[in-house]
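Okay, structure first, notes after.
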Amino acid sequence: MSKFVITIGREFGCNASEVGRKLASKLNVKFYEKELVERAAKIAGIDESSAYDIDRKKSEKDLIKYYINEFDYGTTNAYYKSEAVAAQAYVIRDIANTETCVMFGRCSDHFLADYENVLNIFLYAPFSFRRQHVSSAYNLPFKNAEKLIKKVDFLRQKWYKFVTGQSREELTARHMMINMEKFSVDEAVEMILFAAKLKFESLK
C-alpha cells in the first residue's frame with residue numbers, strides 16, 4: 001500500500017483527539033499525538049521533566065497551568081528556537097517518509113506542505129460548544145474552561161505564527177474543515193475516510 005498521511009489541526013475543545021484516534025483505528029495505522037512532541041523535544045535537548053504533575057497541583061490556577069503545559073509543543077520559551085522547530089520538522093517528515101499514519105497538530109500540515117500524499121483536516125466549533133466540552137471533559141467550571149480555551153488558543157496561534165509565518169486562520173493549507181458542533185465524532189471520522197478514499201489510490 002502506498003504511504004499517506006492525514007494531518008488533523010483543530011481548535012481546542014472540539015474532541016478532535018478522539019476523532020484522530022478513531023480514524024487511525026479505522027485505517028489500522030498509528031495515531032501520532034504526544035509522541036511527536038516527545039521525539040522532537042528529545043532531539044532538541046528540551047527537558048520535559050518540568051511539566052506540571054497534576055497529582056500535586058491543588059488549585060484551579062495550577063490545574064489550568066497543567067493542562068496548558070500538556071497541550072502543545074510550543075508552550076514554553078524552550079520551543080521558540082530554530083533547533084526546536086528543526087527537530088519537530090525532522091520528526092514529522094521522518095515519520096511521513098516511512099509509514100502511513102494520522103498526525104495530530106504540531107504544524108504537521110506546514111512541515112508536509114511539499115508532500116503529495118497528505119490530506120489536511122481542520123476541526124473547529126463555536127466557542128460555546130468548546131466551553132461545554134472542556135468543562136465536562138476536564139471537570140472545570142465554565143469560567144475556568146473559558147480561561148483555558150482562550151489561553152490555549154493564544155499559545156497555539158503564537159506557535160503556529162512563529163513556525164509558519166501565517167495565522168492559524170489561513171485556509172489555503174486546509175483540504176477539509178468540519179464543524180464539530182454539527183457532526184458527531186463517528187460522523188466526522190466517516191467524512192474524513194470518504195475524502196481519504198477519494199484522494200489516495202491505495203484506499204480505492
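Nothing in this text is a laboratory measurement; each read-out follows from the coordinates by a stated rule. These figures come from a predicted structure and were not determined experimentally. Backbone-built Cβ (ideal geometry, glycine too); neighbour counts: all protein chains shown.
Determine ³J(HN,Hα), in whole Hz, for all residues of segment 157-164 in sequence, where each value follows from phi through the Karplus function 6.51 cos²θ - 1.76 cosθ + 1.60 and θ = phi - 60°; x replaces Gly and Pro.
Rounded to whole hertz, the list is 4, 4, 5, 4, 5, 4, 6, 9.
Which residues' amide hydrogens lie under 5 Å from the amide hydrogen of L119, considering only partners 5 or more residues apart or on another chain, with H built in the peptide plane?
Sorted by chain and number, the residues that satisfy this are V5, I6, T7.
Assuming 0.36 nm per residue, please report the length gained on full extension of the stretch R93 to S202 beyond their Cα-Cα distance.
Residue separation times 0.36 nm, minus the Cα-Cα distance, leaves 37.2 nm.
Show the residues, 5+ positions off or on another chain, whose built amide H is closer than 5 Å to the amide H of K30.
Residues meeting the criterion, in which the H sits 1.01 Å from N, are V102.
So, by mean Cβ neighbours within 10 angstrom, what's the order for 146-153, 92-99, 18-25 with the highest one leading?
Final packing ranking: 18-25, 146-153, 92-99.
Please give, to one decimal in nm, the separation of the simple spin-label points placed at S82 and L193, each 7 Å out from Cα toward the Cβ.
Placing both labels 7 Å beyond Cα along the Cβ direction yields 4.5 nm.
Summing Lys, Arg as +1 and Asp, Glu as -1, what charge do residues with Cβ under 9 Å from the Cβ of E11 carry, E11 excluded?
Around E11, the charge tally is +3.
Once the other residues with Cβ under 9 Å from the Cβ of Q157 are scored (Lys, Arg +1; Asp, Glu -1), what is the net sum?
So the environment of Q157 carries a net charge of +2.
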